[in-house]
Amino acid sequence: MTGPLEFAVVVPVFNERENIPILVDHLEATLHGRSWEVIFVDDDSPDGTADAIRDLARDDPRVRVIQRIGRRGLATACLEGMCATAAPLVAVMDGDLQHDETLLGDMADALEADPGLDLVIGSRFAEGGSTGAWDRDRVAKSALATKLSRSVLKAELSDPMSGFFMIRTQIVRDLVPKLSGIGFKILLDIMTASPRRLRFRELPYIFETRVRGESKLDHVVALEFLIALYDGLFGRIVPVRFAMFAAVGGLGAAVHMAVVGLLYTATPMPFVPATIIATVVAMTFNFFLNNSLTYRDRRLRGARELIDGWVSFCVVCSVGAVANVGIAAFLHDVEQGSWAVSALAGILVAAVWNFALSSRFTWGR
Ligand code: GDD
Ligand code: MN
């Protein structure tokens, strides 16, 4: 290595085995003569990505790997990688060769030359950049998303969703406790969480088409984006996680109401057993939805984990369910309230309990 460590390149990877050696070759070629390291953050990819990295790392101390077990998530992977370097500058770059690594040297030069500059962003939409072979549909969606997040950010960023940038490491370290770690718009997260407006510069690049492996983001892109926007707008008032739990709870309430309504009005079943059945149905529905949305990053998988999780969710929520049934029954039977108002009141009380307990016990690892 030549001189003290200048910068780290953090590369989140999931099932990118084939791309690893190519990427390291590219880095070596373009960063010749500089002092750098690359930190791959792998979420225990089944294709053996971490082994492929270790194969290279044995002969090259500039190559490092963080292998996370039992967790998934692009944003947290980036954050943990960025916190794992001693270098004063840190870049985030995709591991699938879609980002142009030849920009890294220019990014570091810009930051080293101007101490007032906080970060340099690779932009597909700045003059000279492009999204390569994207179809019209994706270009249109991306343009809309860009416009929306610009109005939230109030920064003249041409590519707020860029996953390619270099920043002063200390800025990220200071911000980490404030970041939600949800979603994959890590740059948007950093920019919105910063207490002062960050000074940035943009460098154009052409977003290459992926050749090996496949994209992990396609079907969650819209959801992640909405989460990021929400977080930027209201995240400090009502945390994203709770907002999602509440939204899922709202859907669960609709399911609950439908089941109670159906059983109570269309069958001879009395109100209390109808409410009990509706509670179990809604609880199961909420468990699966929360598992795949609210707690995506700590998602329980496989029959064993799912059953254990469902049981613990039910046990945890039984406190809320008892309150739910008790309050609903009291209002309905004793106070002669309508079935709808009684059922709703029960749900509201239960929701608070459910969030507090389940985030701790069902997904709290
Ligand atoms: N560790 C880890 N965990 N890595 C992940 C995960 C995860 O859960 N999901 C994806 N990755 C890695 C991929 O292996 C790849 O190296 C990189 O993150 C980007 O993932 P892709 O699945 O290739 O994303 P994309 O090409 O659709 O999205 C790109 O464009 C977006 C804007 O349109 C990325 O650059 C995004 O960051 C960017 O916001
Ligand atoms: Mn990609």
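Evaluated with a Cβ-only charge set (Lys, Arg +1; Asp, Glu -1), the chain carries a dipole of roughly 1220 debye about its Cα centre, given to the nearest 20.
The 3J(HN,Hα) values that the Karplus relation (6.51, -1.76, 1.60; θ = phi - 60°) gives for region 283-291 are, in residue order, 5, 5, 4, 5, 4, 5, 5, 5, 5 Hz. Gly and Pro appear as x. What a 1.4 Å probe finds exposed on region 226-365 is 76% carbon and sulfur by accessible area, rounded to a whole percent. Here the relative contact order of region 234-365, from alpha carbon pairs under 8 Å that lie six or more residues apart, stands at 27 percent. Give the separation of the Cα centroids, region 115-175 to region 300-347, in Å. The two parts, judged by their Cα centres, are 44 Å apart. Placing pseudo-labels 7 Å out from each Cα toward the beta carbon at Arg68 and Thr209 gives an inter-label distance of 3.1 nm. Extension gain for His26 to Leu233 (0.36 nm times residue separation, less C-alpha to C-alpha distance): 70.7 nm.
Remark: the Thr102-Val319 segment gains 72.4 nm on full extension, using 0.36 nm per residue and subtracting the alpha carbon distance. Taking packing as the residue-averaged number of other Cβ atoms within 10 angstrom, the listed peptides 80-86, 57-63 run from highest to lowest as 80-86, 57-63.
Each Lys and Arg Cβ is given +1 and each Asp and Glu Cβ -1; about its Cα centre, region 1-101 then shows a dipole of about 400 debye. The heavy atoms of Ile307 present about 100 square angstrom of accessible area, all protein chains included, probe 1.4 Å.
Placing a pseudo-label 7 Å from each Cα along the Cα-to-Cβ vector at Leu293 and Lys147 gives an inter-label distance of 2.6 nm. Extension gain, Leu251 to Lys216, is 9.9 nm, computed as 0.36 nm per intervening residue step minus the present C-alpha separation.
The values are calculated or read from the model by the stated rules, or taken from the named source; none is laboratory data. Owing to the predicted nature of the structure, the values given are computational and were not obtained by experimental measurement. All Cβ positions, even for glycine, are placed from backbone atoms using ideal geometry, and neighbour counts span all protein chains on display. Please note that ligands, DNA and RNA were not included when accessible areas were found on the heavy atoms of the full protein model with its side chains. Shrake-Rupley method; radii C 1.70, N 1.55, O 1.52, S 1.80 Å.
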